[in-house]
Amino acid sequence: MTFAPGDKVRVRDHWPEAEGRKVHVRTPHFLRGRVGRVERHLGAFGDPGSLAKGGDGLPKLGLYMVAFERADLFPGTTRGPETLTADLYDNWLEKIG
């Protein structure tokens, strides 16, 4: 397990599709570069980028539930839930703090 519940993380601001690479990206655009907090580890799963291309999915990647504050994602909004959670693979996360 790379991250623990409570760890503050930043979603990598990486745009492989803009580099002209054919990739299977499971990270929402609006979360890239944003800071959240790990809620829990969901387990290790096959790499979706490898699996999408018919690969074996190895090595497996840790999957984490990460919570983001609504105000940080959508400044000026007052409606909706206070937090948004997303399931993100560890290769998209960087520990901060």
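Worth pointing out:
- Any chance residue 12 is exposed (fewer than 15 other Cβ atoms within 10 Å of the Cβ) and either modelled with pLDDT under 90 or touching a Lys or Arg at 6+ places or on another chain (Cβ under 8 Å) (or both): no
- Residue count for region 52-97 satisfying the condition of being among the small types (Gly, Ala, Ser) and closer than 17 Å to residue 5 by Cα: 4.
- Out of 33, 54, 46, sole residue that is of a type in the set (Gly, Ala, Ser) and closer than 15 Å to residue 96 by Cβ: 33
The values are calculated or read from the model by the stated rules, or taken from the named source; none is laboratory data. In this text the structure is predicted, and so the values were computed from the model without any measurement. Note that we place each Cβ from the backbone using ideal geometry, even for glycine, and neighbour counts take in every protein chain shown.
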